[in-house]
Each structure stands twice: as C-alpha cells, then as structure tokens.
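Novice: First the structure, then my questions, so here it is.
The values are calculated or read from the model by the stated rules, or taken from the named source; none is laboratory data. Since we're looking at a predicted model, the values are computed, not measured. Cβ placement follows ideal geometry from the backbone for every residue including glycine, while neighbour counts extend to all protein chains displayed. Accessible surface areas use protein heavy atoms only, side chains included; no ligands, DNA or RNA. Shrake-Rupley method; radii C 1.70, N 1.55, O 1.52, S 1.80 Å.
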Amino acid sequence: MVLAMLSNQTTVPVARETPGPTGERARRRAGRTTPTGNVLAFGATFGLVLVYALRGGAYDLVAFEEYGLLIWWLLAIGIAVGALPRRRPAPVVLLLCGALLAYAGWTALSMVWTQSGELTMEEIARSLDYLGLLLLLGTVLGRDTWRAASTGLAFGALAVSVIAVASRLAPAAFPANVVGILFRTDRLSYPFGYWNAVAAWGAMSATIGLAWSAHDTSRVRRALALGLVPAAVLAIYLSYSRAGVLGTAVGVAFVFATSRNRLTALVHGTIAAAGSLAAILAARAAPQIARGTGDRGGLTVAAVLLCAMVLCFLAAWMTDAYGLDGRRLPRRQARTVFAVGALAVVIAAAVVGPRVERHVWHSFSTPVAATNTSDPAARLLSLSGTRYAVWKGAFHAFQAHPLDGTGAGTFEFWWNSHSGGVPGFFRNAHNVWLGNMAELGLPGLLLIVAVASAAVAVAAAVRRKASRPTSVGVSTALLGAFVVFLFDASVDWMWQSTAVTVLALAGVAVLGARLAERAPPLKAWMRAGFVSLALGAGALQLPGLVSTRDIRGSQAAEQARNGNLALSLANDAVDAEPWSASAYEQRGLVLEAAGRYRAAAAALRRAASDEPTNYVHWLHLARVETELGQVAVALTDYARAQQLRPDSIAFQPPPPRTVIR
C-alpha cells in the first residue's frame, strides 16, 4: 500500500511558463513531488530490499510466493479501484516486461514435457514474481519519485551488507548459523543462507556506493555511499567467494569506464580499497571472526571497520568540498596514460599470458572437492572446483534436448544420473545461460538473453538521457549493479536467489520510471482484463504455497508423533497441488510410519510417476515394497533408483569393519 500511496502524490502546480530563467525554473518545479512523496518513495524501496534480503534472501518457496501473491493482488486491487496505473511505462520498459512474460510463458509450456510438474510450477511462480515487481514499480513510480526510490534501493542494499558483517562480528545477536553447521563451512552466509549470494550482493552494493559517491551533489549522500563500501567489501571477503571478488572487479571497472567524474571515482576507489584492506587484515588477525567460530576479536574488527568507514565518509565529503568533480586530465596526458597502460597490458599478456592461461585452465577444468585449510581465504587463489564439470553437464543436457530441455527446475535430475563421479549435489547449473539451455532448450536461452538485453537497454537509455550529476550517478550505479548481477548469474544460481535478482530488477524498474509518462484512464474492458490477469498470476502462487506449508506441517506433526494430523495435512497438500511429487511422497511416508504399507506404496508410486527421474521416490518405494514382501519388484525399483543416481551414498558399500583382537 505504501507504493500505491506514491501514485497519489501531487506535483507543485505552475500557472504559466514565461521565457528566460524564470520559465526554466517553473518547468523544473512542475516535475517535483512533495517532500512526503519523496519520503514514501525512499521508504518503500528501502523496505523492499530489507524484506526480501532478511528473510533468507526469499529463496524459500513459501517466502517468494507470499511476496508474489501480495504484489499481484496489490496490482489487481489498485487497477480495480482506479488507483493504478498512475504512470505509463516507456516502450523500452514494456519491452522488458514482454520479454519476461514470454519467458514465463515458455516456462509454463514446459509443463507439457517436464520431469517434475512441481519444480516447473515453482519456476513459473518465480518468473511471474519478478514480472509483477517490474509492473508494480513501473506503474507507480515516475519522474517525480524515481531519484528518491533509487536512494532507498541503494542505501537499503548497502545496509544489508552492514548487517551481514555484523552477524559475523556479533553472532549472538543473530539467529544460529544453521548453514555453517549443516555444511561445516566458515563462509559468511547470513542473511541469504548462501555465501555466494552474500558476495554477489556485496559486489553490487560496492559498485552502487562507488558510482553514487562519485557523482551525487549532496555531500551527505555521497559520503554515506562511500562510507558504507568497506562493509560491503568485508562481507565479500568473509564469504571467501571468488565470484564475489571478480564481480567487484567488474563493477569497479564499469564505474571507471562509464563515470563522468573518473578522477573522483579513482580517488574514492583508492581510499575505499585502502580502508577495506585494513578491515580485511583486522579480520584475518582474528581467527574466530575469520572462521565464524566465535566473536573474539569482533570489537577490534568493528573498530577498524568503523575507522575505514569514517575515512571514506570524510574523503567523499572533501572531494565535493574542494570541487574535484568534473576535473579531468588534459587530453594529451590522458592519451599518454592510456597508451602506457595499454602497452603494459599487452607486454604482460605476451610474456606471462600463455603460462597463466594454461595454469588457470588446468585448475578450472580439474574437479576438486573443497578442502579445509588453515587459511579460509586460500580458496581465493585457486579456480579449482566443480563448476566446469557442472557446466559441461548442463551443455550435455542441452545437446540431448536442444529444443525443449528437461523442463524448468529439473537440472538436478539430469545431473544425478550424468555427474560422471563428480562429488556434490547440484540443483541448479550455476549459470543462468547454460541452466536455461539445459532446462528450456534454445528458446529458453534466447528468451533469457532477451530479458537481460532489455533490462540493460532500459538502464542504458536512462544513463544516456541523464544530464544532472546526481542522475548520472544514480543511473551509473544501478546499471553497474545490474552488470555485476549478470556476471554473478553467469557463474552461480543468482537468478534463483530471489533477493539478489529483485535488487537487480528493481534497480532497472526504478530507472525505467525516469522514462514514464502519466497514464491515461483505462477503459472498462482493459481494466477488467488487467485485473483478471493480475488475479490469475496471483492465484498461480497459491498451490505451491499452500501445499508446501501443509507438507511442512505434516512433517512437524509426524515428528511430534501425531500421525492422524500428519496424514490429514499430507492429504491437504495433495489436494492443494495434485501434481506435487513431494505431497504424495509425504503421504506415503506417513502411511508407512503407520504400518499401512499398501497405501504407502500407492502414494509413493504416484510420486515416482510425477517425477520419474528422481531417484528418491524409487528408493522409498523399494523399501516399502520390501516391507510388503514384494522382493522382486523392490529389487527392480532399487536398481532404477541406483541408475538415476549411482553416486549417491545410499548405494555405496559400507566401510570395512575393523576387528580388534
């Protein structure tokens, strides 16, 4: 409702325009909103970032489908009562929405051939959530509120990075680190539940802070923006994410390449790097902070970080006070510097490039499981891992299904049976392009490329039109953040990390509001059509949302030894989402626990029918059939499960027993 209130903000009326300076001032005043409107715009986007980020990054199906339901029904109500749309999105923004709608449509069409209707419906809901967010922001925000909304988005992103670092420095003040315990990792994962998501967010935030601070004419805003950058960089370091480090480098390079005030950006970047390095060294000197095993040394790290932040704050303040913005090297000197730098790069590439390339490729293409070392940051110096194997597996899936894919959300089933002995569980291909190729074929790849290209086009159009320094900073910051997002989505599953994608797309939507015009009243038939579409998109969130809640309630009831309630909730889950293999699986497990083996086998066979390439259902079914005495059938289903995931620990021989004499 806060966003809907923005649309009702009135602008300062102007009776008439007069030529000359007075007329120009009048035209500027005509586009300004009231102070209340700016406050609401700032608060709405600031809150949007926090709501998504601080709920586990909204990766969980229940979280993002609840938000999607709210977004679409707000749109439906707003359109029904005539409060929306108050702004007409620009054609390039409508192109982005159309591309995302087409992508969601192709995802929905994959229900025809998917290996899991449940997982494909989850991806349909995710895509519609992103589309709803774009439409809500695009129909509410306009030229009078886009800068305030951008400010809320930017400083909300930086605030989340501060919170992430605080969770490492004072862990007792935050929820228990379940991810660290479960995965036995020392990598910072709060609040997203995934360390690489923390790093991607930090890289986007650092890019925003650097670009913003180099252009904003408000000393307070520019100083705060740069002052928060060391916290974002420290969050990246504590995640020990190579993608985060490279993403930050991409963001900084983008800011330097596209900034209007390159000298200011260089000074700010240098000082922020020095302050961030000091904070990182302080964290390295505190083993409990570096490894996330306690809070000893946390006060020292916090003090160093605070000093670094104050240093950056003062630096940004002083560069504005001394008028550094707009200063440039003389053209001849700039050309000399560029020529010398380019020559140095060419020489270095010629001398050490081939050797480095061979080493890097060998390291990257050799699958090596993660190992614990005395220095948690040691992994930053190596590219070894499983990315190459997973990407190769995704490409092989595309080769097997080039025109349709395996179905949205089902890469994990392909990987289970084609991992080639590479250790680890992978639900996603860790690459948005290869992932779509594997799951949705060539059309899926083309459509996701169209979505990304249209988003870049929106942000670039605003950057080209920007003339005021603050507008240049805003557009550079949010476009840079989206570029970093694209990089991180190319090496990890950031598309599914909902909060990270929301930050990227919301930044584009806010920029697109700069191009919006006032919307004419909708005709009755158009209003009815839009309301129906919004209600339908919202309703698509309900089956998975209700079913997942019922499954979890059933699991909790079974743990509490309340079998009747567990079965009732499992049946409700099946009724809510009849295509959900998880719902039938839960029903089967509850019936098995109650000793009703024939009914359990029927439910588990239905789960296996809905997800025929998921080895788990066949393994459960083999166990229940054994309990029924159907040994031959059980062995067949067990062999089927083993074929679908031969590397599972369930099929490995037990370790030899040691006999002590």
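Novice: Taking a spot 7 Å from the Cα of L299 along the direction of its beta carbon, which residues of region 143-176 have an amide N less than 18 Å from it?
Specialist: 166-173
Novice: Another question about this same structure. R0 = 56 Å: FRET efficiency of T270 with S532, Cβ-based, nearest 0.05?
Specialist: Efficiency for this residue pair is about 0.50.
Novice: Suppose the Debye formula is applied to equal point scatterers at every Cα of region 462-524; what is log10 I(q)/I(0) at q = 0.18, 0.26 Å⁻¹?
Specialist: -0.71, -1.03
Novice: Tell me the angle of helix 498-512 to the major Cα principal axis of the chain, expressed in degrees between 0 and 90 and rounded to the nearest ten.
Specialist: So the helix axis and the longest Cα principal axis differ by about 30 degrees.
Novice: Among the trypsin sites (Lys or Arg not before Pro) within region 556-616, which fall in a DSSP loop and have no more than 13 other Cβ atoms within 10 Å of their own Cβ?
Specialist: R561
Novice: Oh, and also: Per residue, how much accessible area does the chain show when a 1.4 Å probe rolls over the protein heavy atoms, in square angstrom?
Specialist: Roughly 45 Å² per residue, with all protein chains present.
Novice: Just want the answer: with Cβ charges of +1 for Lys and Arg and -1 for Asp and Glu, which residue in G512, L136, G421 is farthest toward the dipole's positive end in the chain?
Specialist: It is G512.
Novice: At a Förster radius of 25 Å, what calculated FRET efficiency corresponds to the Cβ-Cβ distance of A457 and T217, to the nearest 0.05?
Specialist: 0.35
Novice: Okay, next question. Helix 615-627 versus the longest principal axis of the chain: what angle, 0 to 90°, nearest 10, using Cα atoms?
Specialist: Helix 615-627 and the main axis of the chain meet at about 20 degrees.
Novice: How many angstrom separate the Cα center of region 69-105 from the Cα center of region 239-295?
Specialist: 37 Å
Novice: Right, another one. Compute the long axis of helix 117-140 from its Cα atoms, compare it with the longest principal axis of the Cα atoms of the chain, and write down the angle in degrees, 0 to 90, nearest 10.
Specialist: That helix lies at roughly 20 degrees to the long axis.
Novice: Just to confirm the filter: which trypsin sites (Lys or Arg not before Pro) across region 445-529 are DSSP coil and have at most 11 other Cβ within 10 angstrom of their Cβ?
Specialist: The qualifying sites are K523.
Novice: For region 182-334, what is the charge dipole size about the Cα centre, in debye to the nearest 20, if Lys and Arg each add +1 at the Cβ and Asp and Glu each add -1 at the Cβ?
Specialist: 400 debye
Novice: In whole percent, how big is the carbon plus sulfur part of the accessible area of the chain, probe 1.4 Å, protein atoms only?
Specialist: Exposed carbon and sulfur together represent 66 percent of the surface.
Novice: Evaluate E = 1/(1 + (r/R0)^6) for Q652 and K392, where r is the Cβ-Cβ distance and R0 equals 25 Å; express this FRET efficiency to the nearest 0.05. Display every interim value, and only then the final one.
Specialist: Details: r = 24 Å, r/R0 = 0.95.
E(calc), rounded to 0.05, equals 0.55.
Novice: According to a simple spin-label model (label point 7 Å from Cα along Cα-to-Cβ), what is the distance in nm between R328 and V310?
Specialist: Modelled inter-label distance: 3.7 nm.
Novice: Obtain the nm distance between the two label points defined at R552 and E517 by a simple spin-label model: each point lies 7 Å from its Cα along the Cα-to-C-beta direction.
Specialist: Here the modelled spin labels are 4.6 nm apart.
Novice: Sticking with this one: For F425 and A344 in one chain, what is 0.36 nm times their gap in residues minus the Cα-Cα distance, to one decimal in nm?
Specialist: On the way: separation 81, 0.36 × 81 = 29.16 nm, distance 4.31 nm.
Computed gain between F425 and A344 is 24.8 nm.
Novice: Suppose every Lys and Arg Cβ carries +1 and every Asp and Glu Cβ carries -1, with no other charges. What dipole size does the chain come out with about its Cα centre, to the nearest 20 debye?
Specialist: 2740 debye
Novice: Which loop-located trypsin sites (Lys or Arg not before Pro) does region 120-189 contain, where loop means any DSSP state but H, G, I, E or B and the Cβ has at most 14 other Cβ atoms within 10 Å?
Specialist: Here the trypsin sites (Lys or Arg not before Pro) that fit, given the DSSP loop and packing criteria, are R184.
Novice: Something else about it: Could you tell me what a quarter of the Cα convex hull surface of region 581-661 works out to, in nm² with one decimal place?
Specialist: Average projection, Cα convex hull of region 581-661: 6.6 nm².
Novice: Determine the gain in length on full extension of the stretch A594-L381; use 0.36 nm per residue of separation and subtract their C-alpha separation, reporting nm with one decimal.
Specialist: So the extension gain works out to 71.4 nm.
Novice: Charges only on Cβ, +1 for Lys and Arg, -1 for Asp and Glu: so what's the dipole of region 67-178 about the Cα centre, in debye to the nearest 20?
Specialist: Using only the charged Cβ atoms, the result is roughly 500 debye.
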